[in-house]
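A short worksheet on the structure shown next.
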Amino acid sequence: MLRSASFSDDEQDEWERRLLDLLRVQTAGNVQEFSASNEEETKVHGQTVGELFWVMFDTVVEVKHKNNMFKCPLQHIKLTLDFLRPYIGTAELNLPNQDLEFVKIQIEKGVELVRKCSKQARCKKYEYTNKLFELNQYFQGLLDILMMRQARKVRKCHETETVIKRIEES
């Protein structure tokens, strides 16, 4: 989210919290709708990846506002999560169960890491900053995979459309 020069940090935080609430309400229907139709693939040990995603997102936003020491790496993670948000709870996250399990584990580890960062002293800043950047790299890799899958689907649809047009023309 771009920061206006006229907003203070507190005002920006409040706007981000409001946006988060709106996004959660907006996507809740999509998550419920998809998990009802494809429950077996999206549920992993009782929790959906979408539910864990929102726990991760909330934790990052909360800790980012409480602890300025890790604000930069947490902002990077938040931006990556913002890009991942459209894929969570939709058919785009149609991954095999073992991959969903791995995604779930990574999100759970990420939540634990971010919570630890809210309590850390300066002496471990370097160690935790590196871990946060590694977590962000994982989420960026997941985003890359999901974007490539979407691009393949679009290309396949375009090719199918082209074939249909050729058949109709002849």
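The values are calculated or read from the model by the stated rules, or taken from the named source; none is laboratory data. None of these values were measured; they are calculated from a predicted model. Using ideal geometry, Cβ is built from the backbone for each residue, glycine included, and neighbour counts are taken over all protein chains shown. Each accessible area value is taken on the protein alone, full model and side chains, heavy atoms only, with ligands, DNA and RNA left out. Shrake-Rupley method; radii C 1.70, N 1.55, O 1.52, S 1.80 Å.
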**Prompt:** Going by the conditions given, is Asp82 at pLDDT below 85 and assigned to a helix (DSSP H, G or I)?
**Reply:** no
**Item:** Residue count, the range 128-170 (criterion: charged (D, E, K, R) and not in a helix (DSSP H, G or I))
**Value:** 0
**Prompt:** Would you pick out the residues in the range 49-103 that are of a type in the set (S, T, N, Q) and more than 28 Å from Cys123 (Cβ to Cβ)?
**Reply:** Thr90, Asn94, Asn97, Gln98
**Message:** Condition check: of a type in the set (D, E, K, R), assigned to a helix (DSSP H, G or I) and either in contact (Cβ under 8 Å) with a residue 60 or more places away in the chain or open to solvent by less than 10 Å² (accessible area, probe 1.4 Å) (or both). Does Lys125 satisfy that?
**Reply:** no
**Message:** Where the second residue is hydroxyl-bearing (Ser, Thr, Tyr) and the first is without any contact (Cβ under 8 Å) to a residue 60 or more places away in the chain and lies in the range 102-119, which pairs have Cβ atoms under 6 Å and are six or more apart or on separate chains?
**Reply:** Gln106/Tyr138; Val111/Thr59; Val114/Thr59; Cys117/Tyr128
